[in-house]
Each structure stands twice: as C-alpha cells, then as structure tokens.
Amino acid sequence: MARRRRLRRIKGMRRIRRLLSGRTLHGVILVGCLAIIAVTLWLGVERLAAERLGWRWSLYCVLNDWFGLKCTSGGLMRSLEALSQGDVRRALAYHPIGPLFFGVVVFQVPYRVWAIAAWPRALPRFIRQVHGVLVGGLCAAIVVDWLFLAGDRIM
C-alpha cells in the first residue's frame, strides 16, 4: 500500500515536471514578463490620469502598512513607474534595482519567444550565457539588498 502511494506521488511529480518544462515553462515566463511590462506602462498612464483628472489608484505595501516592516521591494513599483516615463535618475532614486529588474524582464520577452520558436533545439550558447549573467546578477543584487536591509534593522 505504501509503495503504491509512493509510485502515485512519483507519477504526479513527473506530470508536474513535464508541465513545467520546455515550451510551457517558456510560455508561462513570457506571459508573466508581458504582464509586468503592461502593469509598468499602465502605471505611467495612471500617473498622467492622476495629474489631469485628479484620480489616483493608491498602491501600498501590505507588509509596511499593516505590520510596519520594510521589504526589499519597497519603492520598486515607483521605480518602474518612473522608468515607464523615461526618468532613469528618479527610478534609481526610488529603488536601485528597479532599472536592472526592468531590463531583465524586457530581455526575457525576445529570449522566451526565441526559445519557444526554436524548441526542441537549444538556443546558442552565448545567448544562454548572457541570460544566465543577467538573471544571476539580478538575484545577486536582490540578495545584497536584503543584506543591507537586514543590517539596517539590526543597527
């Protein structure tokens, strides 16, 4: 009985792994990146609507508003909003990782489209290396930001 459950669990894991591999994974990441770009552009339009019509959708951080905790993404939405208006200096002032984050997201779109079109062949090695450096650099920047945030909390 236990062996049968274990086999069922393994088959389920294989099914999930199959779903989240190849074209499907590239497609899911592509849709997510396009959604981030659309929200960023919408934030720029929303700012113009606030200036012209006096209407404002209030973005807030649940961690900060409810619990008083600062998170590493604090200012990231304002940074993306500034980038959608073409103001890189203000974007860096709001959150230093914002332009890097947006650049990685924008790079994902042609990369994922190319990966879906080329499937099952692999992309050229150089392109995969550039992708790895960009994503790894973003992850390293987030970890460093977490460490600085943790250091501010301790002191």
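The values are calculated or read from the model by the stated rules, or taken from the named source; none is laboratory data. Note that the structure is a prediction, hence the values are computed from the model and not measured. Quick reminder, even Gly has a Cβ in these numbers, built from the backbone with ideal geometry, and neighbours come from all protein chains shown.
Taken over segment 128-152, residues that are at pLDDT 90 or above and surrounded by 15 or more Cβ atoms within 10 Å (Cβ to Cβ) amount to 4. Step by step: first the residues of segment 77-122, then only those that are of a type in the set (Ser, Thr, Tyr) and over 15 Å from Arg23 (Cβ atoms), then the one that is surrounded by the fewest Cβ atoms within 10 Å (Cβ to Cβ). Which residue is that? Of everything passing the filter in segment 77-122, Tyr94 is surrounded by the fewest Cβ atoms within 10 Å (Cβ to Cβ).
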